[in-house]
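Down below is the structure, laid out as structure tokens.
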């Protein structure tokens, strides 16, 4: 179609104001970020920590981050792909895994700051709303939940991670309105239902219904669970073991990585500024020498 | 209608955001810390309506005398009649930038302390005072050829040859 009037003229582009880079990428909500980062000026350089939870299709990332002009600094991080070390190998993005990741991060941070003996948190996960009590000697570690761009609906896995961190002993201001098991009608958190979710009860229930009604779908959907012999009845025991393992040793494990392979170069390597200047001086010298020879020949 | 004299009168352009810089303000303004005694420039950010100073203070530099939760107390000089008053205002941090007026002084202070420490270690006496630029030193003029110019006697015939 040749004669369509151009919608985006040169004038349009000249006046166009680009949003911030992370807004263009759709990764940061600046309205929320300003409110999370803003520290009281009369607290000067005291860092304000955010408990950041981000869930991808196959992984859960939980980090404690403080903001800096040069760039945000991560104090500690925990990923759900670390959970195989503690005995959990499947279902790494469900509510129970989020709880484990939050618990792992919380214990890791407390151990790093050496207050893990003082603040044990809630050792037995009951699903009730638990807030840390400050002891006499040191105040608990305070962080603010940063959910990012997700829609905060009741029962979102992000709040599973929050519950894990709370039970670990971190001080995160929260309300129980968005935990799994909160009923809108009675405006109360049903601790039993929440406890079921923390121990993978909802996954186990689905496994049971599939086993009865559609065994082939059960085989296809939960093949990894079946391979490892995880039955709906022993899910709770499995998660209890994982929690205990996390509390026993929350330290991060460094993995051995071989140095990256050297690949053959197909294009020229870019020269540095000094190399380019040196080349130019050489060229000028040869030019001058040649010109000198020419003028001598002319004379 | 008579001209108004409201608080923000005549600030249509002064408080306007610059071209293509509208919207959210970069977060480094919120992350800066200010201590009492620092020098700050006041530059109003029209996007934030709270804690705005009066338009007189836009472009002034002052010292910090108070730090509160979201704002800073700045002491600015204002000429009122025949005297200068030190006015104390409170401004939100979005309208304040750290001033570089004292930067050169601070760097010089550090360097002088370092030089004095070195001299003390060596046992010699140095003066760290700044000296004004004096007159240039004397020099010999090189490569000058002398050309003597003398007047020539007036020659009527030659001069009138052109236009007579």
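The values are calculated or read from the model by the stated rules, or taken from the named source; none is laboratory data. Small disclaimer: the values here were computed from a predicted structure and weren't measured. Here the Cβ is made from the backbone with ideal geometry for all residues, glycine too, and neighbour counts use every protein chain on show.
Structure notes:
- Look at (1) modelled with pLDDT under 95; (2) within 14 Å of chain B (Cβ to nearest Cβ) and you find that residue A:65 fails only one, number (1).
- Number of positions in segment B:62-94 that are farther than 17 Å from residue A:42 by Cα and touching a strand residue (DSSP E or B) at 6+ places or on another chain (Cβ under 6 Å): 10
- Boolean, residue B:17 is exposed (fewer than 14 other Cβ atoms within 10 Å of the Cβ) and either under 21 Å from residue A:42 (Cβ atoms) or out of contact with any strand residue (DSSP E or B) (no Cβ under 8 Å at 6 or more places or on another chain) (or both): yes
- Residue A:148 vs. criteria surrounded by 12 or more Cβ atoms within 10 Å (Cβ to Cβ) and over 18 Å from residue A:109 (Cβ atoms): yes
- Test: residue in segment A:85-93 that is at the interface with another protein chain (Cβ under 10 Å from one of its Cβ atoms), more than 13 Å from the chain's Cα centre (by Cα) and on the phi > 0 side of the Ramachandran plot: no
- Residue in segment A:243-258 that is over 30 Å from residue A:74 (Cβ atoms) and not in a loop (DSSP other than H, G, I, E, B) present: no
- Close contacts from segment A:12-35, counting a first residue that is more than 8 Å from chain B (Cβ to nearest Cβ) and a second that is surrounded by 13 or more Cβ atoms within 10 Å (Cβ to Cβ), with Cβ to Cβ under 6 Å and a gap of 6+ residues or different chains, come to A:22/A:28.
- Strands (runs of 3 or more DSSP E) within segment B:57-158 that include 3 or more residues at pLDDT 90 or above, touching a helix residue (DSSP H, G or I) at 6+ places or on another chain (Cβ under 7 Å) and within 14 Å of another protein chain (Cβ to nearest Cβ): none
- Residue in segment A:186-199 that is at pLDDT below 95, buried (at least 18 other Cβ atoms within 10 Å of the Cβ), over 20 Å from residue A:81 (Cα atoms) and in contact with a strand residue (DSSP E or B) (Cβ under 6 Å, 6 or more places away or on another chain) present: yes
- Considering the conditions (1) in contact with a helix residue (DSSP H, G or I) (Cβ under 7 Å, 6 or more places away or on another chain); (2) modelled with pLDDT under 90, residue A:235 is excluded by exactly one of them, (2).
Quick grid of which residues meet (1) at pLDDT 90 or above; (2) assigned to a loop (DSSP other than H, G, I, E, B):
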position: A:5; (1), (2): no, yes
position: A:8; (1), (2): no, yes
position: A:17; (1), (2): yes, yes
position: A:57; (1), (2): yes, yes
position: A:85; (1), (2): yes, no
position: A:90; (1), (2): yes, yes
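- Positions within segment A:63-83 being without any contact (Cβ under 8 Å) to a residue 12 or more places away in the chain and not in a strand (DSSP E or B), in sequence order: A:68, A:69, A:70, A:71, A:72
- Looking only at residues in segment B:10-33 that are outside any loop (DSSP other than H, G, I, E, B) and facing chain A (nearest Cβ under 8 Å), the one that is nearest to residue B:70 (Cα to Cα) is B:30.
- Residues of segment A:26-46 satisfying the condition of being part of a loop (DSSP other than H, G, I, E, B) and under 16 Å from residue A:150 (Cβ atoms): A:26, A:27, A:28, A:29
- Just one of the listed residues (A:214, A:256, A:274, A:296) is without any contact (Cβ under 8 Å) to a residue 12 or more places away in the chain, out of contact with any strand residue (DSSP E or B) (no Cβ under 9 Å at 6 or more places or on another chain) and closer than 30 Å to residue A:156 by Cβ, and it is A:214.
- When segment B:83-109 is filtered for residues that are touching a residue at least 60 places away in the same chain (Cβ under 8 Å) and farther than 19 Å from residue A:69 by Cβ, the ones remaining, listed by number, are B:101, B:102.
- Identity of the residue in segment A:68-84, over 21 Å from residue A:244 (Cβ atoms) and within 12 Å of the chain's Cα centre (by Cα), that ends up farthest from the other protein chains (Cβ to nearest Cβ): A:77
- Qualifying residue in segment B:34-43 (condition: at the interface with chain A (Cβ under 7 Å from one of its Cβ atoms), in a loop (DSSP other than H, G, I, E, B) and crowded, with 16+ Cβ neighbours inside 10 Å): yes
- Within segment A:238-270, the set of residues being surrounded by 11 or more Cβ atoms within 10 Å (Cβ to Cβ) and within 15 Å of residue A:87 (Cβ to Cβ) comprises A:238, A:239, A:240, A:241, A:242, A:243, A:244, A:245, A:246, A:247, A:249, A:250.
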